[in-house]
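Have a look at the structure below, then the notes.
The values are calculated or read from the model by the stated rules, or taken from the named source; none is laboratory data. Note that the coordinates shown come from a computational prediction; the quantities given were computed from them, not determined experimentally. Counting neighbours? That spans all protein chains shown, and the Cβs are built from the backbone with ideal geometry, glycine included. Remember, those area values only see protein heavy atoms, side chains included, never the ligands or the DNA or RNA. Shrake-Rupley method; radii C 1.70, N 1.55, O 1.52, S 1.80 Å.
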Amino acid sequence: MKFTPIAALALAAIAASFAPAVAADDYPSRPVRLIVPFGAGGGTDNLMRIVEPVVSKALGQSLVIDNRPGGGSVIGMEVVAKADPNGYTIVATDSSLAINPSLHPSLPYDTLKDFEPVSLLATAPVILVAHPKLNVKTIAEFVALAKSKPGQLNYASGGNGASTHLGGELLKAAAGINLVHVPYKGTGPAMNDLIGGHVDVMFSGISSARPFMESKALVALAVTGDARNPAVPDVPTFKESGLTVDASTYWAVLAPKGTPKPIIDRLSAEFATAMRDPAIIARIRELGYEAIGGGPADLAKNMHSEIEKWGNVIRKANISIK
C-alpha cells in the first residue's frame, strides 16, 4: 500500500490525538516530581511532607519533593511552566501564586495561562505577634498605640512583597495607622529580630510563632480568618475587633499547561482524598492549617479572586520589585 504525504500527515495527527490518552491510561508509571518553590522547613514544604506519603501510596509511585527556592517562588514556578506536560512534574505553592503577577513587572511565565489547576489544598490564617516591650495585649491596644505614635512603630516581614509584608499593608489600611515596613531576607531573620526587640510587630504563620507565644517571648494580638483557629483558640480574630484583614494564605497544586485532563483528574482526586484523611486533617490543624481539598475549578476561581485582591493591595501601597 502506498502512502501519500497527505495520508501520512493524517495518520500522524490521529496517532498524536491518542497519545495523551495512552499516556494517561498507565499514569503514573514512574515517580512524580513535586516542585516546592521554597526552602525546606517552610509552610509549603511542611504541608507537603505531611501529604506526600498518602498521595504516593494512592498513586502507586513516589511523589518526590524537589525544593527549588528563590525569587519568591518564581524560580520553581518557571521550572514547572517549562516542563513537559506529562504529569511527571507538578508544583505545590502558596499565596505567592496570586501575589507575584502584580508584584513582578515581567514574570518568565503567565500565571493564568501556563498552568493547569489541580487542587486547592488548604488555607491558614496568619497571626500578628508583638514584642512584649510594647506593653500591649490586644489589637485594639496596639492600634491605639500606633495612632498615638504615627510613623514611630514598625513591622517586620520576610521581604518586600511577601505575604507578611502585604498583611501589614492590609492592617494599616483597615486600622488607619502608619507603620514603617522593615523587610528581611526571609521570615526566619525577621522573627529573630522581633524576638530580640529590634522590631515591634510581625505577621507570621501560627506554627512559626506559637513556640514563642508559649514561652512569652512574643504576644499574640489577633489572627486572620472568620473564626478563631483551633491551634490558638485563645487568640481573637481581627474581625472580633471590627477590622477586616483578609491575609490568609492558600496552598495549591498545579501542573504545566497542556497536561492531559485524565492525568489532572487523577492527581486532583488523590490530593482531595488525602486532604479528607482524618489523620492529615488532625495533624495540619495542630499547625494552624485547615484542609480544603478542592478541585481544578475551585482552584481556578480562587486564583482569579486572590490575584485581584492582592493586586489591589499592591497598587494602593505602590509596592514593586525591580
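Residues that are assigned to a helix (DSSP H, G or I), out of contact with any Asp or Glu (no Cβ under 9 Å at 6 or more places or on another chain) and touching a residue at least 12 places away in the same chain (Cβ under 8 Å): does the range 211-226 have at least one? For the range 211-226, residues assigned to a helix (DSSP H, G or I), out of contact with any Asp or Glu (no Cβ under 9 Å at 6 or more places or on another chain) and touching a residue at least 12 places away in the same chain (Cβ under 8 Å): present.
From the list V219, V223, V180, V245, which one is under 20 Å from the mean Cα position of the chain (by Cα), among the hydrophobic types (A, V, I, L, M, F, W, C) and over 25 Å from G39 (Cβ atoms)? Exactly one of V219, V223, V180, V245 is under 20 Å from the mean Cα position of the chain (by Cα), among the hydrophobic types (A, V, I, L, M, F, W, C) and over 25 Å from G39 (Cβ atoms), namely V245. Among the listed residues G293, G288, which satisfies the condition of being under 18 Å from S95 (Cα atoms), modelled with pLDDT of 95 or more, under 18 Å from the mean Cα position of the chain (by Cα) and not in a helix (DSSP H, G or I)? Answer to the check: G293. Restricting attention to the range 251-285, the residues being modelled with pLDDT of 95 or more, closer than 30 Å to G161 by Cβ and not hydrophobic (A, V, I, L, M, F, W, C) number 5. Every condition in (1) surrounded by 15 or more Cβ atoms within 10 Å (Cβ to Cβ); (2) under 17 Å from F238 (Cβ atoms); (3) touching a residue at least 40 places away in the same chain (Cβ under 8 Å) is met by L145 except one, and the failing one is (3). Looking only at the range 148-158, residues that are closer than 15 Å to A247 by Cβ and open to solvent by 10 Å² or more (accessible area, probe 1.4 Å) come to 1 in all. For residues that are surrounded by 24 or more Cβ atoms within 10 Å (Cβ to Cβ) and within 14 Å of the chain's Cα centre (by Cα), scanning just the range 123-140, find the one that is farthest from A222 (Cα to Cα). Ranking the qualifying residues of the range 123-140, first place goes to A124.
Can you find, within the range 228-247, the residue that is surrounded by the most Cβ atoms within 10 Å (Cβ to Cβ) among those that are in contact with a helix residue (DSSP H, G or I) (Cβ under 7 Å, 6 or more places away or on another chain) and among the hydroxyl-bearing types (S, T, Y)? This residue is S241.
Annotation note: of R283, R315, the sole residue that is charged (D, E, K, R), under 30 Å from F142 (Cβ atoms) and outside any strand (DSSP E or B) is R315. Scanning the range 27-57 for residues that are within 21 Å of the chain's Cα centre (by Cα), among the charged types (D, E, K, R) and either under 28 Å from S204 (Cα atoms) or part of a helix (DSSP H, G or I) (or both) turns up D45, R49, E52.
The set of residues in the range 204-226 that are open to solvent by 70 Å² or more (accessible area, probe 1.4 Å) and more than 19 Å from N46 (Cβ to Cβ) comprises S215, K216, D226.
Would you say I292 is open to solvent by 30 Å² or more (accessible area, probe 1.4 Å), of a type in the set (A, V, I, L, M, F, W, C) and touching a His at 6+ places or on another chain (Cβ under 9 Å)? No: the conditions fail for I292.
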